[in-house]
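Coordinate-derived values only; no laboratory data. Being a predicted model, the structure only gives us computed values, none of them experimental. FYI the Cβ positions are ideal-geometry reconstructions off the backbone, even for glycines, and counts take in every protein chain you see.
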Amino acid sequence: MPVATEIHPVEGVLAESTADRVALVVRTGADGPQPVMDGVGLSPTDLDARFPASVARLLDTYDFSGKPGQTVEFPVDLGRGPVRLTFLGIGDATPAEMRRAGAAFARSVRGSSRAAVNVAAPEHGPAALTAFVEGALLASYTFTLAETPRSAVPAPRLDLLGSAAEEAADPVRHGTVLARATATARDLINTPSAEKDPAWLAARAEEIGGEAGLSVRVWDETALKRDGFGAILAVGQGAVRPPRLVELSYTPENPAGHVVLVGKGITFDTGGLSLKPNDNMKLMKTDMSGAGIVLAVLAALRDLGVRTRVTGLMALAENAFSGSAVRPGDVLTTYSGRTVEVLNTDAEGRLVLADAMGYAVAELAPDVLVDVATLTGAAKVALGTGIGALFATDDDLAAALVDAGERSGEALWRLPLQEEYRDTLDSPVADLANVGVKSDYGHPGATEAALFLREFVGSVPWAHLDIAGPGRSMSEEGVLSKGGTAFTTRLLLRWLTER
Ligand code: BES
Ligand code: MN
Ligand code: ZN
């Protein structure tokens, strides 16, 4: 189940709301917390009279500063009988703070049938409201295969009250599209691999893409062979369930440029014959995050009115351990014609990406190429689970992606495509080896993988997003749910919308 919660901006005030839970937002002022009175429907004095002490006194008693996401709850009668009222901190109401507050709000009103909050005030701009909605909807995302839900059920409806409810309509719609796209990707990522094989994911692409007005082309194993996708085939050859390549096309009228997005879609990564230990393997159903994100992004473009032509490629294979699996030492021929010696079958993501990127460069004439992949444990070691690694051949592209990430709450940090490390990928028997063979530089894993991919982009400006760290969450907190995070979905949509 993705997000069952709906958000509606509503002309109205908390004092007259029929919601069973209400929240009143509080800013951190220079002289202490400042309740926002727009959308409350009572004067400050009238509001004070409903509580056992003045609001200022109560907030002080509870050490409530109004920092973003802070909550404290009181039973109060605003005029329609007793109701649970939450004071909700929004800091200075920047977009990042409003995102946190939105998430805290949605989490604090789980279990209710309808909740209201006074955030549709003119003082909160559109970007802040969009972020609040993103936060509230992402925190309302749940995924379970169990009959009974594991945690309190998210409220089905949230009302945003205040005098600017009408102007809130567009920002709310925008935030809703961003959050729902993220939820679509999370559902795909969280689906167990027993169900999720390459053909299943290709079928979801046809279904979701079709509904979103995209044209969808699927290569099965026969077509992959015919067209020379030797790397995708090699990675998938050990699996009972064969690989696929999916192309999704979004073509607006008079498009401004052409972006190609490529997603790593390993539906399960055992490591292949270079087998992973179980601790590293047990979460590898999420190794198709990149492909899931690419599908969800493409499916949201029409709703956001994106003006750029965008093509999405999902490189889908299961990296299995079996007698027919590709072996260390085998040499494969990629779509581009370049050969690769497979020295470690667990470095499979770069192989399927090389085929898809080679195809993009040869056949699609992109102005920009961006790939997304849960590619290396090294990126996770370098940056942890909170930041994605970015590599790019173009400074403007890198800056635009970092900026979109900042505004989405999906931080990226650029790492270098260090030239002197390149020859570590030389192979005596093929054009390239799939892992670094010299240890002179201590095996900078994320950089080696990026340098490998760079060999397939020709002169097209290219960025690579390695999301192995932030791609999964171990906790249920803020905008994150346990499992796949679909990190970079909103970043890519913001970037494409503003391009
Ligand atoms: N899917 C993994 C990377 C990964 C690691 C994703 C941890 C999420 C969390 C990838 O296919 C992989 O196995 N990479 C190897 C590359 C190595 C063999 C050069 C790695 O990072 O260990
Ligand atoms: Mn691997
Ligand atoms: Zn992998």
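Beta-bridge orientation, the chain: approximately 45 percent antiparallel, per DSSP, counting only bridges with both partners inside. Per-residue packing, averaged as other Cβ atoms within 10 Å, sorts the ranges 305-317, 271-283 into the order 305-317, 271-283, beginning with the highest. In this structure, the amide hydrogen of Thr345, modeled 1.01 Å from its nitrogen in the peptide plane, lies closer than 5 angstrom to those of Ser274, counting only residues at least 5 positions away or on a different chain.
Per-residue extension of 0.36 nm, minus the Cα-Cα distance of Glu420 and Glu498, leaves a gain of 24.5 nm for this segment. Near the amide H of Ala23, within less than 5 Å, lie the amide hydrogens of Thr86, Ala116, Val117, Asn118, all on another chain or at least 5 residues away, with H placed in the peptide plane. Subtracting the Cα-Cα distance of Thr222 and Glu6 from 0.36 nm times their residue separation leaves 73.4 nm of extension gain. Computed from the C-beta positions of Tyr441 and Gln34, the FRET efficiency with R₀ = 35 Å rounds to 0.05.
Taking amide H atoms as placed 1.01 Å from N in the peptide plane, the amide H of Gly388 lies under 5 Å from those of Ala411, Leu412, Trp413, each 5 or more residues away in sequence or on another chain.
With θ taken as phi - 60° and the Karplus curve 6.51 cos²θ - 1.76 cosθ + 1.60 applied, the whole-hertz 3J(HN,Hα) list for the range 192-203 is x, 6, 4, 8, 8, 9, x, 5, 5, 5, 5, 5 Hz, x standing for glycine and proline.
Within the straight-line cut-off of under 23 Å between alpha carbons, the lysines reachable from Lys438 are Lys276, Lys380, sequence neighbours fewer than 8 places apart in one chain being disregarded.
Reducing the range 104-147 and the range 393-434 to their Cα centroids gives an inter-centroid distance of 35 Å. For Lys225, the lysines whose Cα comes closer than 27 Å to its Cα, not counting residues fewer than 8 places off in the same chain, are Lys196, Lys264, Lys285.
If you count, for each residue, the other Cβ atoms within 10 Å and average over each peptide, how do 257-269, 90-102, 138-150 line up from highest to lowest? Working shown, then result.
On the way: 257-269: 26.5, 90-102: 24.2, 138-150: 16.2.
Highest to lowest by the protection proxy: 257-269, 90-102, 138-150.
Sorted on the mean count of surrounding Cβ atoms within 10 Å across their residues, most packed first, peptides 445-452, 375-382, 151-158, 231-238 read 231-238, 445-452, 375-382, 151-158.
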